[in-house]
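Below is one structure, written out as C-alpha cells, with a few remarks after it.
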Amino acid sequence: MTRDEIFARATDSTQYDSSTLDWPSEGSLPSPAMQPFRRSLRPELGDLSGKSVIDIGCGTGHLYTLFEELGARTVTGLEPSARNVAQARREFPKLALLHSSLADARPGAEFDVAVAVMSFEHQPDLRDAFRRVFGMLRPGGAFHLIFGDMAFHLTPRLGLRLESHEMPDGSIVIATGYPYGTIHDVIRPREHYERAARLEGFEIVRCVEMLPTPELFDVDPRWRDFASRPMAHLMVMRKPGR
C-alpha cells in the first residue's frame, strides 16, 4: 500500500466496521490487550465521584466499568464505528453513546474528564483534535490521552506483519497485521502531541510511559522481550480554569 492509502484508512472513521477486522473480540472488556490501559488509567483518574466523563473513541465501551467503579456520575462514549456502538449498547446499557467521529461530535454538554485511548492515531489533524476536546471540557477539566510509542510500533514483534511509511512531518503511517485483522494507524512522536496540546491551550501535567504488563506476559511469554520498552504513553493534561 502507498503512504496515502494507509493514511486514508487510518483516518477513516469506518475502519473498525470492516468485515475483515474482528475487533469486537480483541477490543472487549475480557481481552488481555485492554488490561494495560485500565491498569495505567486507574491511578491517574483517581476518585471520579460526581464527575462527568467522556470516552473519545470508546470502542466497545470496555472502560465503562472502570469509570463506574471510580464513582463517575455520568459516562458518555463517543465512537464512530457502528459495530462497536452496537456491542457497547448491548454490554453497557448505562453508557450514554454518541455514534459520531470526534470531528462531527456535538455532545451538547461540558465534561469534567475526557479520556482517549489509542484513538488519536485515527485523527487526521492533531491540533484540530485537541481543539475539539478542549471545547468539550469545563474549566479545570482533565484530559487523559494514551497514544502509541513510535519505536515500539516500528519494531518487528510477535510475528505481526508491518508496513510503514514516513510522513513529511516526521510521523509514520503503519498497517499492522494481527491475527484478527489489519489495523491502520498514524503514529506520531511524543513531541507532536505535547506541542499540539500546548498550542490548543492545555497545560501538561505529566506524561507516563506504559510498559507491557503481566496480563500480556501470561498471554504470550514473548512479551517479556519488551518488558523495559514503552508500548505507549499516557499524557495527563488540564484545561486552565477553576
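Here the chain is described by how far its Cα atoms reach on the three principal axes: 47, 38, 34 Å, from widest to narrowest. According to the calculation over all Cα-Cα pairs in the stretch 128-208, the P(r) per 10 Å bin from zero is 15, 41, 28, 15, 1 %.
The ratio of the alpha-carbon radius of gyration of the stretch 46-109 to the globular-protein estimate 2.2 N^0.38 Å is 1.04.
Kirkwood analysis of the Cα pair distances in the stretch 163-242 returns a hydrodynamic radius of 15.2 Å.
So for the stretch 166-208, what are the equivalent ellipsoid semi-axes in whole Å, largest first, each being the square root of 5 times an eigenvalue of the Cα gyration tensor?
Numbers: eigenvalues 144, 37, 12 Å².
In descending order, the three semi-axes are 27, 14, 8 Å.
Which one of P212, P124, P156 has the biggest mean-square fluctuation once the chain is modelled by GNM with Cα springs under 10 Å? Checking each option, the largest mean-square fluctuation is seen for P156. Here the stretch 99-148 is treated as an ellipsoid with the same Cα gyration tensor; its semi-axes, largest first and in whole Å, are 17, 13, 10.
Residues T20, T60, arranged from fewest to most other Cβ atoms within 10 angstrom of their Cβ, appear as T20, T60.
For the stretch 120-173, dividing the convex hull volume of the Cα atoms by the residue count gives 106 Å³ per residue.
Using the crude model of +1 on Lys and Arg Cβ and -1 on Asp and Glu Cβ, and no other charge, please compute the dipole size for the stretch 198-242 relative to its Cα centre, in debye to 20. Write out the running numbers ahead of the final one.
Numbers: 8 positive and 7 negative charges, 73 e Å.
Here the stretch 198-242 has a charge dipole of around 360 debye.
Think of it as helices only: each DSSP H run of n ≥ 4 in the chain is worth -39500 (n - 2.57), and spread over all residues that comes to -8000 deg cm²/dmol at 222 nm.
Tell me the Kirkwood hydrodynamic radius of the stretch 98-242 in angstroms, computed as one over the mean inverse distance between distinct C-alpha pairs. Don't skip to the answer; put the middle values down first.
Numbers: mean 1/r = 0.0607 Å⁻¹.
After inverting the pairwise mean of 1/r, the radius is 16.5 Å.
Between beta-carbons, use under 14 Å as the cut-off and find the net charge around A88, counting Lys and Arg +1, Asp and Glu -1. Counting the neighbours of A88, the net charge comes to -1. The distance between label points at S49 and D125 comes to 4.2 nm (points 7 Å beyond Cα on the Cα→Cβ vector). Relative to the current alpha-carbon distance between A86 and R138, full extension at 0.36 nm per residue lengthens the span by 15.8 nm. Taking the stretch 157-177 and a reference point 7 angstrom along Cα→Cβ of R222, the backbone N atoms nearer than 19 Å belong to 157-164, 175-177.
Values in this text are rule-based calculations from the coordinates and carry no lab data. Bear in mind the structure is a predicted one, so any value in this text is a computation, not a measurement. Note that each Cβ is placed from the backbone with ideal geometry, even for glycine, and that neighbours are counted across all protein chains shown.
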